[in-house]
Structures are given as structure tokens and as C-alpha cells.
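Okay, structure first, notes after.
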């Protein structure tokens, strides 16, 4: 499961509910401390110069995610702003691919069907 910017916040919030169905959770240029309840590998990738998710905020999220376990891979990109995915895509791709390669379970493909979603999700 992966998200970018505000989507990374959503991943951090919903990943604990999907812990049994996911191989890991990746939060790029955003994140949420609720992901500390995920038992799978976590990736937190952020830019040192991000003007939206500031360095102070992301280091706090990093601290919150690193306390309960050793499953966190944190990548702080020097001089990278919030648009680093576009401006420095090769670096982001290398970091993301390295994290994916370290997952012990295959990454699920395709859209989840309603039968694969946990029953404890709130109604839409």
C-alpha cells in the first residue's frame, strides 16, 4: 500500500485496518503516526526542504513510527521539496524499489475486491 502527499496521510491512517491484507505501507512526502500500529514494513520518504510536510513534522512522524519497532525505513532526501517525485524521480524510484525489494511477501496487485476488505471498516 502506498500514498503520496495527502494520500500518504491516508495510507498511514488506514494501513492499520488492513494490516492482514498488505505486505507493507509506503508513505512518500507525507505520512501519519497511526501507521505505528502496522506490523509490516514501513517506508517513510520525505524531503528536507518540503514546504507542505515540513522537516519538523516529518521528523516527528519518523520518531513516532520508529519507537515501537524496527520495521521502519526512513529516507530523508537532502534539499528535496514537496515536488521531488517529479523533479528527482530517479532518486525516489531507487529508494522505493530498494524498499520493495526488501519485502518478504509479494506485493499484491490489482484492485481489492469487497471480499478482500476487512469487515471492521466503517460503511461508506
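Here are a few things to note about the model shown:
- When residue 43 is tested against the conditions (1) buried (at least 21 other Cβ atoms within 10 Å of the Cβ); (2) over 17 Å from residue 6 (Cα atoms); (3) touching a residue at least 40 places away in the same chain (Cβ under 8 Å), the lone failure is (2).
- When 3, 7, 12, 31 are checked against the criterion of being in contact with a helix residue (DSSP H, G or I) (Cβ under 9 Å, 6 or more places away or on another chain), in a helix (DSSP H, G or I), at pLDDT 95 or above and closer than 23 Å to residue 97 by Cβ, a single residue qualifies: 12.
- Qualifying residue in region 89-97 (condition: part of a loop (DSSP other than H, G, I, E, B) and either farther than 13 Å from residue 5 by Cβ or at pLDDT 95 or above (or both)): no
- Filter pass, residue 17 being surrounded by 15 or more Cβ atoms within 10 Å (Cβ to Cβ) and out of contact with any strand residue (DSSP E or B) (no Cβ under 8 Å at 6 or more places or on another chain): yes
- Failed item, numbered, when residue 85 is tested on (1) modelled with pLDDT of 95 or more; (2) in a helix (DSSP H, G or I); (3) within 13 Å of residue 3 (Cβ to Cβ): (1)
The values are calculated or read from the model by the stated rules, or taken from the named source; none is laboratory data. Keep in mind it's a predicted model, so treat the numbers as computed, not measured. All Cβ positions, glycine included, derive from the backbone under ideal geometry; neighbour counts span all protein chains shown.
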